[in-house]
Amino acid sequence: MIALKAQIEERTGPTIRMTFVGATESHLIATEIVDAGIGVVLGNSHPFRQAQRIIDPRPRGPLQSFARNARFHAAWAALEMDGEMSSADTMALASINVASLLCLDVEEFDLVATKGGTLLEFESKVVGVEVRSN
């Protein structure tokens, strides 16, 4: 994909915006990905996929699976950073950053209300969502 992107850009001129979703081994070619200007949405960083399929057997694409559990993925990432990631950075990791990579309009945001903790805490429960549409 990286080589194909480079070939097309060389022939046509404009830069192609590309994002890899679910690229769990992207770290192996991180330099090439960065040099090509490609974004990465990792998705599930923990081995819960099989358990999730048992609970919810409907087929999902990598982006659907990520979006459904984005707050948990971000919370795990923050835990693995051992306190080096702020709450704002953690929220951005699962919202604004992903929206930007996917060229989505990020000027208006949805409001999510939780009970039992913040949006990033595993024991919290989403109790309300206000969706703002253009």
(request) State which residue pairs qualify: first residue touching a residue at least 40 places away in the same chain (Cβ under 8 Å) and within 19 Å of residue 89 (Cβ to Cβ) and inside the stretch 113-125, second residue open to solvent by 40 Å² or more (accessible area, probe 1.4 Å) and of a type in the set (S, T, N, Q) in any location, beta carbons under 7 Å apart, and separation of 6 or more residues or different chains. (result) 120/87
(request) Look through the stretch 21-35, keep the residues that are open to solvent by less than 90 Å² (accessible area, probe 1.4 Å) and in a loop (DSSP other than H, G, I, E, B), and return whichever of them is farthest from residue 98 (Cα to Cα). (result) 24
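Does the stretch 96-113 include one or more residues that are at pLDDT 85 or above, farther than 28 Å from residue 17 by Cβ, surrounded by 10 or more Cβ atoms within 10 Å (Cβ to Cβ) and more than 15 Å from the chain's Cα centre (by Cα)? Can you show your working first?
Within the stretch 96-113, the first condition is being at pLDDT 85 or above, and the residues that meet it are none.
For the stretch 96-113, residues at pLDDT 85 or above, farther than 28 Å from residue 17 by Cβ, surrounded by 10 or more Cβ atoms within 10 Å (Cβ to Cβ) and more than 15 Å from the chain's Cα centre (by Cα): absent.
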(message) Name the residue that is surrounded by the most Cβ atoms within 10 Å (Cβ to Cβ), counting only residues in the stretch 80-94 that are under 17 Å from residue 110 (Cα atoms) and small (Gly, Ala, Ser).
(response) 94
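Which ones in the stretch 109-127 are among the small types (Gly, Ala, Ser) and on the phi < 0 side of the Ramachandran plot? Spell out how you get there, then give the answer.
Applying the first criterion (among the small types (Gly, Ala, Ser)) to the stretch 109-127 yields 113, 116-117, 124.
The answer is 113, 124.
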(message) Regarding the stretch 38-60, can at least one residue be identified that is modelled with pLDDT of 80 or more and either open to solvent by 70 Å² or more (accessible area, probe 1.4 Å) or assigned to a helix (DSSP H, G or I) (or both)?
(response) no
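The values are calculated or read from the model by the stated rules, or taken from the named source; none is laboratory data. The model shown is predicted, which means the values in this text are computed figures rather than measured ones. In this analysis, Cβ positions are derived from the backbone assuming ideal geometry, glycine residues included, and neighbour counts consider all displayed protein chains. With ligands, DNA and RNA removed, areas are computed over all heavy atoms of the protein, side chains included. Shrake-Rupley method; radii C 1.70, N 1.55, O 1.52, S 1.80 Å.
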